[in-house]
1. Could you rank the peptides 92-102, 40-50 by their average count of other C-beta atoms within 10 Å per residue, with the highest value first?
2. Which shape class, rounded, prolate or oblate, goes with the stretch 7-139 when its Cα gyration tensor gives a ≥ b ≥ c as root eigenvalues, a/c under 1.5 marks rounded, and past that a/b bigger than b/c marks prolate?
Amino acid sequence: MNGQPLTILHVEDNTDHAQLIARSLQKNRVANVIRHVLDGEEALDYLFLRGEYATLEVAPRPQIILLDLRLPKVDGLEVLRTIKTTDALLPIPVVILTSSEAEKDVARAYEYHANSYLVKPVGFDKFSEMMEQLGFYWLAWNRYPWSLDVAEPAPSRQY
């Protein structure tokens, strides 16, 4: 993507997991800007430019979203559903990154159009390996159909 860093929105309520992911991406030289938010409501505020995230300078459009499912305030599946029913946000790849292996969570995530569903491995080495592969696939090898200058989100589609 023109050698410019991509913005990653990481939605994770566990700060230890968030730091581990950030360190893993940095260790593997996936040079990107990581914006971390702690709950689903804050993620939606970020994406819809509300409250403290009212401008694109403060909340630049992410080119990928790493989304945990078990979040306070607004559940990760509801955040995913909202993203994938908003025209301006729809093209942004959403990677579910969670500890849940429940089949109902996997099925619901894909029903809501998740781009990928990854279960966090327990061991540090496996986790680091997964983050390296995730970084290379989504942030280095994958090509996107839009520029980095993504406009503000449009209102949600109604079904």
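Please treat every number below as a calculation from the coordinates, not as lab data. Here the structure is a predicted model, which means the values were calculated and not measured. Don't worry about glycine lacking a Cβ; one is built from the backbone with ideal geometry, like all the others, and counts go over all protein chains shown.
1. 40-50, 92-102
2. oblate
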